[in-house]
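Asks: Okay, handing you the structure first.
The values are calculated or read from the model by the stated rules, or taken from the named source; none is laboratory data. Computed from a predicted structure; not experimentally measured. Here Cβ is always computed from backbone atoms with ideal geometry, including for glycine, and neighbour counts include all displayed protein chains.
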């Protein structure tokens, strides 16, 4: 279906370059901006196409806002449109992350930088806790099976401080068996496809970074923050690329910048291997998103209402939400350890629950508080 009003590809891509530069507030807010600007105001995308793209972004793995943007680009100009829109949406926040990473490496040992991140780290816990609460209400409802999957992943993540990928897949399989039993064998191909993604051959440091983040990108369901617990287990405990403190700072950097939350991988890659590492990490985490769109979009309408696929995805999403909740506890152990950080975290959570304050504002206030307390 064609957009209701004609628009050049350059203007269409330019919109996403602008949104990637100024778009704060997380995936739901960014998706809302796209609806308001492209559907309601400009009329470049029909409501039906937007809704279909949003459904695809919710069903398939990958950060929701980036996937929706790439899908809309695909509708506008096929693979070329998807490629240009994806680049335009991600590139501004990637450049900002590179600049922040360079400053962090250069000044991270100075007392003023440490003081800022002392406050920011505590505020990040409040932000993640609020996101986990919102996702729980949005994705679980009153379904006892989904709540059970959620609790298993929340306890597992909090207890082991690691993301168990097989538990993610098991959550999807259990939901599939319980909710869509008659055609379980056909739907099991989805599980096999996901498992096959872990056979990426990697050698050398940059390929290792790329391969790890490509696998991570396959398990971002429901929110970009779903990648946090997975990354913690691999980045801190598995590869020992970052310390606990550096990892929390990496999440904070993602909150400071606009665009997709998963751009935090650029910060991690930079600390490991400079600009090349940041580029490999970003390419790795966004490549699965891009491929999912251009491969599945042509036949999307045929499989979007498949009950087996929907049951599997709902189970995996419940697992991802549980992992985010568990990661709050894991990261809080590293960032909230005295009275001031307890107060900063609690106030940040309370403010976000009560008012619609942009997250960068919370981060900025927390940075000032940390600087005043620790400089």
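Quick grid of which residues meet (1) farther than 28 Å from residue 237 by Cβ; (2) part of a helix (DSSP H, G or I); (3) modelled with pLDDT of 85 or more:
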site	(1), (2), (3)
130	no, yes, no
136	no, yes, no
141	yes, no, no
158	no, yes, no
162	no, no, no
167	no, yes, no
171	no, yes, no
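Asks: Scanning the stretch 34-57 for residues that are without any contact (Cβ under 8 Å) to a residue 24 or more places away in the chain and closer than 21 Å to residue 291 by Cα, which turns out surrounded by the fewest Cβ atoms within 10 Å (Cβ to Cβ)?
Replies: First, pick out the residues of the stretch 34-57 that are without any contact (Cβ under 8 Å) to a residue 24 or more places away in the chain: 35-37, 39-41, 47, 50-51, 53-54.
Now drop any that are not closer than 21 Å to residue 291 by Cα, which leaves 50-51, 53-54.
Working: 50: 20, 51: 12, 53: 26, 54: 18.
Taking the candidates together, the pick is 51.
Asks: Within the bounds of the stretch 290-300, is there any residue that is in contact with a helix residue (DSSP H, G or I) (Cβ under 9 Å, 6 or more places away or on another chain) and more than 30 Å from residue 49 (Cα to Cα)?
Replies: The answer is no, given that none of the residues of the stretch 290-300 is in contact with a helix residue (DSSP H, G or I) (Cβ under 9 Å, 6 or more places away or on another chain) and more than 30 Å from residue 49 (Cα to Cα).
Asks: Where in the stretch 237-319 are the helices (runs of 4 or more DSSP H), entirely inside, with at least 3 residues that are surrounded by 17 or more Cβ atoms within 10 Å (Cβ to Cβ)? Spell out the reasoning first.
Replies: Details: elements: 244-256, 264-296, 300-303.
Qualifying helices (runs of 4 or more DSSP H): 244-256, 264-296.
Asks: Separate question: Looking at the structure I just gave you, is residue 328 surrounded by fewer than 19 Cβ atoms within 10 Å (Cβ to Cβ) and part of a helix (DSSP H, G or I)?
Replies: Values: surrounded by fewer than 19 Cβ atoms within 10 Å (Cβ to Cβ): no; part of a helix (DSSP H, G or I): yes.
For residue 328, the condition - surrounded by fewer than 19 Cβ atoms within 10 Å (Cβ to Cβ) and part of a helix (DSSP H, G or I) - is not met.
Asks: Just name the residue that is modelled with the lowest pLDDT out of those in the stretch 9-59 that are under 26 Å from residue 252 (Cα atoms) and part of a loop (DSSP other than H, G, I, E, B).
Replies: 25
Asks: Moving to a separate point now. Kindly indicate whether any position in the stretch 85-102 is surrounded by fewer than 18 Cβ atoms within 10 Å (Cβ to Cβ), farther than 25 Å from residue 272 by Cα and touching a helix residue (DSSP H, G or I) at 6+ places or on another chain (Cβ under 8 Å). Write out each step before concluding.
Replies: Pass one, the stretch 85-102, residues surrounded by fewer than 18 Cβ atoms within 10 Å (Cβ to Cβ): 91, 95, 99, 102.
Retained after the next criterion (residues that are farther than 25 Å from residue 272 by Cα): none.
No, that holds for no residue.
Asks: Answer with yes or no whether residue 68 is under 17 Å from residue 300 (Cα atoms), at pLDDT 85 or above and buried (at least 23 other Cβ atoms within 10 Å of the Cβ). Working first, answer last.
Replies: Details: under 17 Å from residue 300 (Cα atoms): yes; at pLDDT 85 or above: yes; buried (at least 23 other Cβ atoms within 10 Å of the Cβ): yes.
For residue 68, the condition - under 17 Å from residue 300 (Cα atoms), at pLDDT 85 or above and buried (at least 23 other Cβ atoms within 10 Å of the Cβ) - is met.
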